1. Work out from phi, with θ = phi - 60° and the Karplus expression 6.51 cos²θ - 1.76 cosθ + 1.60, the ³J(HN,Hα) of each residue of the range 117-133, listed in order in whole Hz, and give x for Gly and Pro.
2. Taking the Cα centre of the chain as origin, sum charge times position over the Cβ atoms of Lys and Arg (+1) and Asp and Glu (-1), and report the length of that vector in debye to the nearest 20.
3. Tell me the mean residue ellipticity at 222 nm calculated for the chain from its helices only (DSSP H runs of n ≥ 4, each -39500 (n - 2.57), averaged over every residue, nearest 500).
4. For each pair in K105/K130; K12/K95; K10/K100, compute the distance between the two Cα atoms and list the pairs where it is over 22 Å.
5. Place the peptides 158-167, 83-92, 173-182, 114-123 in order of packing, highest mean first, counting for every residue the other Cβ atoms within 10 Å and averaging per peptide.
6. Among 72-81, 45-54, how do they line up by average Cβ neighbours within 10 Å per residue, starting with the highest?
7. Against the globular-protein guess of 2.2 N^0.38 Å, express the Cα radius of gyration of the chain as a ratio, rounded to two decimals.
8. Rounded to the nearest 5, what % of DSSP beta bridges with both residues in the range 29-184 are antiparallel?
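Here, each number is a calculation from the coordinates, and none is a lab measurement. Fair warning: this is a prediction, and the values are worked out from it, not measured in the lab. As a convention, Cβ positions derive from the backbone with ideal geometry for all residues, glycine included, and neighbour counts pool all protein chains shown.
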Amino acid sequence: MSNPRIIAGKAKGMRLKTLPGTITRPITDRVKEALFNIIGSDIVGANFLDLFGGSGSVGIEALSRGAEFAEFIEINAKAYAILRENIEKSGFLEKSKLVKGDAFKFISTENDLRFDYIFIAPPQYHGLWKDALLLIDQNAALLAENGWIITQIDPVEDEPLELNVFSEFDCRRYGSTLLKFYSCSE
């Protein structure tokens, strides 16, 4: 698989560096393009949280397409270094915040910023997407009013979740990738 690229916007065409191996799971260009076609122009001016940052492909794409701000959380030191390099190369360092730390601790910590989009794409097959979603459900103030939570998982990981605040409103399959969309149930 070739390195992911930024598909549209200010950094269009830029190739991103990725970490070899299975620590990160870069989103394919096809799935990323589909994701941003679904979000559409609502990304402009949005605050975006890339919860398991990896190479930063999704958060940088959001910034390239006009997001106001993106915060990236990454615990792995090697992935964090590549993420930082990609953000610097893209020219979006001033519109970004990088946190080298645990995503679950971040979710549980009070945060003044509310995010319009929270993207969850953790390492596969460990159930981390469910744990993150359930924890966000307990810390719902992290998501802005009318915001979306988006998970990227392998279809074999999919299972229904009982959430108190959020509910699934859409689910799209692209080969071996499933995008699930959640918003406030009210």
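1. Here the 3J(HN,Hα) series is 9, 10, 9, 10, 9, x, x, 6, 6, 10, x, 5, 4, 5, 4, 5, 5 Hz.
2. Numbers: 21 positive and 26 negative charges, 212 e Å.
Using only the charged Cβ atoms, the result is roughly 1020 debye.
3. After summing the helix terms and dividing by residue count, I get -8000 deg cm²/dmol.
4. The pairs that break the limit, which is 22 Å between Cα atoms, are K10/K100.
5. Going from most to least packed, we get 114-123, 83-92, 173-182, 158-167.
6. Per-residue Cβ counts within 10 Å, averaged per peptide and sorted highest first, yield 45-54, 72-81.
7. Normalised Cα radius of gyration, the chain: 0.93.
8. 45 percent
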